[in-house]
Structure formats: structure tokens, C-alpha cells
Amino acid sequence: MSATTDILRQIPPVDQLLRRPHIQALISKYTRKLVLREIQGYLGQLREHIAHDQITADQLRVRLASVDQALEERLNSCLSPSLRKIINATGVILHTNIGRAPLPEKALEAVHDVASSYSNLEFDLETGERGHRDRHFEERIRRLLNCEAATVVNNNAAAVFLILNTLAAGRKVLVSRGELIEIGGSFRIPSIMRQSGAILAEVGTTNKTRLADYEEALDSDTALILRVHPSNYKIIGFTERPELGDLALLARQRGIPLVKDAGSGYLFKIPHPAMRNEPSVEEALTAGADLVCFSGDKVMGGPQAGIIVGRQDLVTRIRRNPLMRICRVDKLTYGVLNWTLTEYERGTYLETLPVYRMLLQTQEEVRTRAASLGGRLRPLGYQVELSNGVSLIGGGSAPEETIPTALLLVSLPPISAAGLERRLRGGVPPVLARTENDRVVIDLRTVTPAEEDEIFAALSELASSPEREKSQSGDDRD
């Protein structure tokens, strides 16, 4: 008999483990099916380690002695939600990978009743008949933007797709070569256009597109002109493209719609240097765009949504598209969207929406917060330093624009910056930061005051953790 076989024989049968009192208690707390699955998974891992000589007989006995605890940890991990809160200390305000615009507590309170009960989502309380879900936000956004109509879908990619599919399937759409963009998740304008059934007609060149290029490309088979905001890059130097107003006049003369993909959802201009070149939705409508579509969870600061505003006849056609039902949003999105737009109507959005609170913080305000947190960390053994830096808007908005900020540079010898960053990322809640010159870089612009205490608690725990003692012995240097 081989040594491996001898070790394998130490693993008890599943039925024997199931009879243990602690595991019986777990079965009562959860289900037999779930507990059985996790036992089998745990024992399967042990067998694999044995087969690859990754565990000795003595180590196996230790693991089997603590199987009850290991099983409970597996069950807790299995049943914990995979979608969790993250503290964003990167300084990227609209970080696409971690959910873009955060929502304030008041927005969630506003939809509590709608979420926990029935609602008049598609019911007209005055007539007692079926209503339309868009009415819960359309009138408000019409007043805000002085547009004829509006509808909402699940994201801006869906908005672009529905516009093209409804208005241009089987016909040509004129797009400047310099606007054939790709954004995160491999969303490409040519691909979306192809799937919608529209036919792409490229005009101009990558760096220069003139009004005459559009005029020459227009024919009886042209359905619309699409103007796309290059939201995540800039073309600089020898460049040219027509003003949106001139393009709108041309489209109106030829009797076709001009559609503007505004992307970022920047509703109104504000006097902030980082937003000086970002076109607003209001400006696009004023310039004469027939339809404008944009995201709800970027600079607008609301829920994930694709919002389409503009001419009544075109919005009506889009609503009637059978694909609209596939792309529509639920009652919670309408509730948060309505609350967000109400803040715009009240004129309080710069104070109440986290996106704008973060954007409008001054460098000195961030520095004061960073200095305070650094002062709390020094007595724990951390080496801290303040430095000037830049924050980013992110989310494909205002490309290349930066916001002056103050950075807190943190190190905890002998743990490397990579090791410290990894431990912060693996904490509860995870803290997302970055590393630079063997220090963890924390930008408090994107951290709420309450989350500062959570970052301090996480760093305090790491300063006194067994992992640091292990590092001090030289076992965990990255």
C-alpha cells in the first residue's frame, strides 16, 4: 500500500461526519443538501492536496480535527453576498468597475415604500386604468430640459441601440470617423450599429470632419446623422469638426433627425475647470439636436439608466418598438431617477448628489481630511506623508481633465505596499487604493467622512495583526 493511499484512508466517510452534533446543528440551521455539498467539497480538496503531495499525514489530522469550524466558514462564505460595499479611496469619482455614481441615503429612503410594497408603476390612480411607467419621470425632465418628451431604458448603450433600430434599420446613418468610439466592456459604435440593423456611413477623417463631408454623404437612403461625444479620449492638434448647431441646421434642411449621444449625462454646465470642455445635455438640445441620449449613473449622479430626450414624435416611435420591453427599467430605477431629478429641480443637486460633492471639494479641504487621518495613523507605526496629486472624474467623462487633490501616502514597514494594499482590498469592507513608490496612496476625495473611520479601523487592525508579526519575521515580504 502506497503512502498516499494510507493518508487517504484517514479521511472519514461523509455519513460519519454528518452524524457529528455540530454538523447536525448546521443542518438544522441551513439545509442537509447545502451542508452535504460543502462537506464533499472540503473533503475533495483534501484528497486533491494529498494526491499532489501538498499535505502530510500530520497536517491532515490537524485539518480533520477542525473540520467543523472549516465547514462553518465555508457555509458562511457560500451564503455571503458576492456584491458588497467597497470604500473607494482611488480618487476616481465615476469608477466604472465599482459601480459609477454612488447614491445618497435619501435617494434610497425615497424608494423604500415603493420597494417594500406595491406601487402605481403602470396604474393611473385618477382614471383607475392602466398607465405608462414613463410618466413617473417624464414631466420632471421635460421641465428641466425644456424638451418635448423623454423615455428611459436600462443603460445608454440600449438607448443608442433602440434609437438606431427604430429610426434607421436598413438605412444609412452618418457618423464621423473620429467618433467611431469604443468604451469599456468592448462597446463599439460600429458593432451596436450593425446589430441594430442600421448601415454605417463613415464621413470625414479621424482628425478632421467638415460640414461638407456630411453634405456629400447625404442621400435619399440616409435615415439620420449621429453625433457621438468621444467621452474617453481626445483628439488634439490638427483637428476640425462642425458645430452641433450647424449640423442640426443641415439635418433640418434635409428632413432627417440629428441624434446626439451625450454619454456622460452632464445635464447643465457648472463653473468647474475639469468640466469646461464637457458638453451638456442642455446645450445639445439648445443647439438643435432632435434626440439626445445619455447615462443616468455618470455625471448626472443617479441610477444606471439610458435616458432619451427630444422630439415627441421620435420618442413615441421608440416607445412603440417591441424591443423597448426588453430594455425597460424597473420601479426602483424610476423611484431613484425621480428623486434625483427632483434635486435638480430644487437646485440642491450640487450639495446632495455625492458625485458633485466629491467633484467640488477643494484641494485644501481634501488636504485637511488627509492630514487628520494621517495624524491618527502615526501612533500605530505607520509612516505617512501628504502630497499633491490629481483626482479623475472617470466613467468616460471629461477625458484627460484632472482635479487637484491631496494624497495620503501610507506605509507600514516591513509590509510592502503591495501587501498592505492587498490586505486592505481583502478586508470587510474592502478598501480600494493604489500603490506608488512602495507606498499605499489614499485619495479621500472619493471617501465619505464616515468611511474615513472605517479606513482607520482597517489600518488599525492591520497594524496589530498576526500577519504583520509574520512580516516582521521576514515571511511575508512581497
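Please arrange C293, C327, C78 by how many other C-beta atoms lie within 10 Å of their C-beta, fewest to most.
With the fewest neighbours first, C293, C327, C78 line up as C78, C327, C293.
Would you mind telling me the antiparallel percentage of the DSSP bridges in the chain, rounded to 5?
Taking every DSSP beta bridge within the chain, about 60 percent pair in antiparallel fashion.
Which of the pairs K85/K298; K33/K331; K29/K106; K269/K298; K260/K331; K172/K260 have their Cα atoms more than 24 Å apart in this structure?
Beyond 24 Å between Cα atoms: K33/K331; K29/K106; K260/K331.
Hey, what number do you get for the chain at 222 nm if only DSSP H runs of n ≥ 4 count, each worth -39500 (n - 2.57), divided across all residues, to the nearest 500?
-12500 deg cm²/dmol
For T96, T56, T90, what's the fewest-to-most ordering of other Cβ within 10 Å of each Cβ?
The most exposed by this proxy come first: T56, T96, T90.
Along the Cα→Cβ direction, 7 angstrom out, place labels at R434 and H272. What is the inter-label distance in nm?
1.8 nm
Mind ordering 189-197, 274-282 by average Cβ neighbours within 10 Å, highest first?
274-282, 189-197
T205 label point, 7 Å along Cα→Cβ, cut-off 14 Å on backbone N: hits in the range 138-182?
Answer for the range 138-182: 177-178.
To test your reading of the geometry: what angle, between 0 and 90 degrees and rounded to tens, separates the Cα axis of helix 363-377 from the longest principal axis of the chain?
Tilt relative to the chain: about 0 degrees.
Would you mind putting 175-181, 375-381 in packing order, based on average other-beta-carbon counts within 10 Å, highest first?
The packing order, highest mean first, is 175-181, 375-381.
Shape verdict for the range 214-346, please, from the Cα gyration tensor: rounded (a/c under 1.5), prolate (a/b greater than b/c) or oblate.
It comes out oblate by the Cα gyration axes.
Compute the long axis of helix 32-51 from its Cα atoms, compare it with the longest principal axis of the Cα atoms of the chain, and write down the angle in degrees, 0 to 90, nearest 10.
70 degrees
Charges on Cβ only, +1 for Lys and Arg, -1 for Asp and Glu, centred on the Cα centroid of the chain; of N155, Q59, C327, which one is farthest towards the dipole's positive end?
Of the candidates, Q59 comes out farthest on the positive side.
How do K208, K298, K29, K172 line up, fewest other C-beta atoms within 10 Å first?
Going from least to most buried by this count: K29, K208, K172, K298.
Using a Förster distance of 41 Å, how high is the FRET efficiency between R84 and D53, based on the Cβ-Cβ distance and rounded to 0.05?
It comes to 0.70.
Tell me which of G288, A101, I403 sits at the most positive position along the dipole axis of the chain, charges placed on C-beta atoms (Lys, Arg +1; Asp, Glu -1).
A101
Can you give the relative contact order of the range 142-208 as a percent, counting alpha carbon pairs under 8 Å and 6+ residues apart?
Relative contact order, the range 142-208: 36 percent.
Give me the extension gain from N76 to R325: residue separation times 0.36 nm, minus the current Cα-Cα distance, reported in nm with one decimal.
Full extension of this stretch gives 85.9 nm more.
Points 7 angstrom from Cα along the Cβ direction at E139 and R317: gap in nanometres?
A separation of 2.8 nm, rounded to one decimal place.
Please report how far the C-alpha centroid of the range 261-311 lies from that of the range 24-85, rounded to the nearest whole angstrom.
With the range 261-311 and the range 24-85 each reduced to a Cα centre, they are spaced 51 Å.
Each value in this text was obtained by applying a stated rule to the coordinates, not by laboratory testing. The structure presented is a predicted model; accordingly, all values stated were derived computationally and were not measured. With ideal geometry, Cβ positions are generated from the backbone for all residues, glycine too; neighbour counts draw on all protein chains shown.
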